[in-house]
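Enquirer: Below is the structure I would like to discuss, written out as structure tokens.
The values are calculated or read from the model by the stated rules, or taken from the named source; none is laboratory data. Because the structure is a prediction, the values reported are computed rather than measured. Methodologically, a virtual Cβ is constructed for each residue, glycine included, from the backbone with ideal geometry; neighbour enumeration extends over all protein chains shown. For the accessible areas, the whole protein counts, side chains as well, though only heavy atoms, and no ligand, DNA or RNA atoms are used. Shrake-Rupley method; radii C 1.70, N 1.55, O 1.52, S 1.80 Å.
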Amino acid sequence: MEVTVKENEFVVLSISEVSSSSSTSFSKSEPVFARFGSGSGAPELRFGQESQSGADIVIVLRASQAFEGASYLYFIGVNVVKFVAVILMSNGIDFGLLNQTGYSRGISIQFKNEEESRAFHCAFEQWKTEMVVQGSPLPNGAVSTSTSKFDEKIEASSAKMYFHYYGQLLHQQNMLQDFVRTGTYYAAVIENRADFLGRVVVDVGAGSGILSLFAAQAGAKHVYAIEASEMAEYAKKLIAGNPSLNERITVIKGKVEEVELPVKADILISEPMGTLLVNERMLESYVIARDRFLVPNGKMFPAVGRIHMAPFSDEYLYMEIANKAIFWQQQSYFGVDLTPLQRSAYEGYFSQPVVDAFDPRLLVAPAISHVINFTSIKEEDLYEIEIPLKFACSVSTRIHGLACWFDVLFNGSTVPRWLTTAPGAPTTHWYQLRCVLSQPLYVMPGQEITGHFRLVAHKAQSYTIYLTLSATVGDMLQTSSGKLDLKEPYYRMSQPQAYSSAQEPNQLLQTQDVLTQSWVEDGSVPVQQPSPNHGAELHSL
């Protein structure tokens, strides 16, 4: 019998219930059609036959997510009142999703060949993306305005550049070759096998899939690797090339704010840290993933982040930035007076946070810390972060600004482990960050320095930094303020000078070990207190 197929319509070779206790009511004497449409006012997928229109199976695409595997293709959808798992297989392999997930219904669909199966998958994605996410006109004239939380708070141009950047292998290589970063993640996972063994893991922003592979190595039951950029395709290749692990890893291309998973996760793993911990605003996605996917009391790797801050003195850096504006002092540059822009240029250079690795001896006071607990913080709390500053200066000097770095804790059941970006510790691709003020402060030993450090999120996936430092000399109050854009740093990337024998970097790591132990023993947040001879020490945490 010749079958005429319309646009947005596919012929199903066979369809059956996964559960053996029930079966579909479709007649085997005529073909079953899979049709995309919007008969209910929202994009939907309908399975039915011409002679049995009332027996159609309907899946609402608005709440559906497509997943693609090496030998099968399956969909998770939502029916009117209950979850429906639709498994689409091009080679007849039964995936058995229903038994693993507890879905109330499962349907196995088989197409004539892989080409038709793939075409169906592409149509599914096109209907969902174009008509649900982008809100373009639906066939019946209605307009869907459904957008994800990510799209609401991030401007499209920034998101496009962001996903393009992380979709390139050279940038993934840069992160993979950060051996401090990658090695610490590997150690945190492998040393805590007990947390991963037999557990469901979700890798948030999976990138190349390296953390998913680590979790699988540690014995995870299944890993769902969520990645929104084109890197998802590379991740599939990398995982497929590791046959001892790939059967337990599913790569899902999409944003964590939008995708659906068949099961809850026992563990979330992610590398959501940007410069100053919060840049790129991926911490918010990490928290959203926690609220959407993590079981109560599930683990997060990492679980806690800390931003450390201390005033610094660096005359060379200050003069380097100030001298950049000298160009604009020229009164006859090819006959043009540039001085009207000199002040704007001067302010512009000081609005750039400096990213580099600096000598911790440039710090002039013990650091203070701001703790962000990823397991409990609300997403909205990351929109604006206010940190009061109070330091006791150890030397007589000019203060040129505030130095910042961060660390995160992998609070594993067996071996808690820190990943630090502290000055003096082995350098990472995050380096450290310094906010340089255009007007330095003069201080004396023991003098108190106060101020505020305020971070305000903006739609370009970053933060505006508002910094104020104040100190009183005699009867005179000195105050210096700056407004900096974390999105537009000055990548200086200089390496710190060699250390004297009394100031070896391993002192920082020893201090970190002590802090980790205190955290584990009493559950409190460790903050280093000034010691009597703090002026000669490296205050990293």
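Enquirer: Out of everything in the stretch 471-481 that is part of a strand (DSSP E or B) and out of contact with any Asp or Glu (no Cβ under 9 Å at 6 or more places or on another chain), what residue ends up being nearest to Glu448 (Cα to Cα)? I'd like the intermediate steps shown before the answer.
Expert: Going residue by residue through the stretch 471-481, those that are part of a strand (DSSP E or B) are 471-473, 476-481.
Retained after the next criterion (residues that are out of contact with any Asp or Glu (no Cβ under 9 Å at 6 or more places or on another chain)): 473, 476-481.
Details: Val473: 10, Met476: 13, Leu477: 12, Gln478: 12, Thr479: 13, Ser480: 15, Ser481: 17 Å.
Filtering first and then ranking leaves Val473.
Enquirer: Here's another thing I want to ask about it. Only residues in the stretch 427-441 that are without any contact (Cβ under 8 Å) to a residue 24 or more places away in the chain and part of a strand (DSSP E or B) count as the first member; pair them with residues that are of a type in the set (A, V, I, L, M) and open to solvent by less than 10 Å² (accessible area, probe 1.4 Å), Cβ under 7 angstrom, at least 6 apart or cross-chain, and list the lot.
Expert: none
Enquirer: If I filter the stretch 201-210 for residues that are open to solvent by 40 Å² or more (accessible area, probe 1.4 Å) and of a type in the set (A, V, I, L, M, F, W, C), do I get at least one hit?
Expert: Looking for residues that are open to solvent by 40 Å² or more (accessible area, probe 1.4 Å) and of a type in the set (A, V, I, L, M, F, W, C), one finds none in the stretch 201-210, hence no.
Enquirer: Please enumerate the residues belonging to the stretch 150-202 that are of a type in the set (Lys, Arg) and out of contact with any strand residue (DSSP E or B) (no Cβ under 6 Å at 6 or more places or on another chain).
Expert: Lys153, Lys160, Arg181, Arg193
Enquirer: Shifting gears a bit: Scan the stretch 163-182 and give yes if some residue there is of a type in the set (Gly, Ala, Ser) and not in a loop (DSSP other than H, G, I, E, B), otherwise no.
Expert: Going through the stretch 163-182, the residues of a type in the set (Gly, Ala, Ser) turn out to be 167.
From the residues that got through so far, the ones that are not in a loop (DSSP other than H, G, I, E, B) too are none.
Taking every residue of the stretch 163-182 in turn, none turns out to be of a type in the set (Gly, Ala, Ser) and not in a loop (DSSP other than H, G, I, E, B).
Enquirer: Taking Asp266, is it modelled with pLDDT of 95 or more, open to solvent by 60 Å² or more (accessible area, probe 1.4 Å) and either in contact with a Ser or Thr (Cβ under 7 Å, 6 or more places away or on another chain) or within 30 Å of Ile190 (Cβ to Cβ) (or both)? Don't jump to the end; show me each part of the working.
Expert: On the way: modelled with pLDDT of 95 or more: yes; open to solvent by 60 Å² or more (accessible area, probe 1.4 Å): no; either in contact with a Ser or Thr (Cβ under 7 Å, 6 or more places away or on another chain) or within 30 Å of Ile190 (Cβ to Cβ) (or both): yes.
In short, no.
Enquirer: Please find, within the stretch 288-302, the residue that is most open to solvent (accessible area, probe 1.4 Å) out of those that are out of contact with any Ser or Thr (no Cβ under 9 Å at 6 or more places or on another chain) and under 16 Å from Phe150 (Cα atoms).
Expert: Asp291
Enquirer: Any residue at all in the stretch 367-386 that's part of a strand (DSSP E or B), touching a Cys at 6+ places or on another chain (Cβ under 9 Å) and open to solvent by less than 30 Å² (accessible area, probe 1.4 Å)? Break it down into steps so the answer makes sense when it comes.
Expert: Initial filter on the stretch 367-386 (part of a strand (DSSP E or B)): 368-373, 384-386.
Next, from what is left, pick out any that are touching a Cys at 6+ places or on another chain (Cβ under 9 Å): none.
No, the stretch 367-386 contains no residue that is part of a strand (DSSP E or B), touching a Cys at 6+ places or on another chain (Cβ under 9 Å) and open to solvent by less than 30 Å² (accessible area, probe 1.4 Å).
Enquirer: From Glu347, Glu315, Glu284, which residue is modelled with pLDDT of 95 or more and buried (at least 22 other Cβ atoms within 10 Å of the Cβ)?
Expert: Glu284
Enquirer: Under 22 Å from the mean Cα position of the chain (by Cα), modelled with pLDDT of 95 or more and of a type outside the set (Asp, Glu): is that true of Pro353 in this structure?
Expert: For Pro353, the condition - under 22 Å from the mean Cα position of the chain (by Cα), modelled with pLDDT of 95 or more and of a type outside the set (Asp, Glu) - is met.
Enquirer: I would also like to ask the following. Just to be sure before I move on: is Ile326 within 26 Å of Glu257 (Cβ to Cβ), of a type outside the set (D, E, K, R) and not in a loop (DSSP other than H, G, I, E, B) in the structure I sent? It would help to see each step written out before you state the result.
Expert: Details: within 26 Å of Glu257 (Cβ to Cβ): no; of a type outside the set (D, E, K, R): yes; not in a loop (DSSP other than H, G, I, E, B): yes.
Criteria not met by Ile326.
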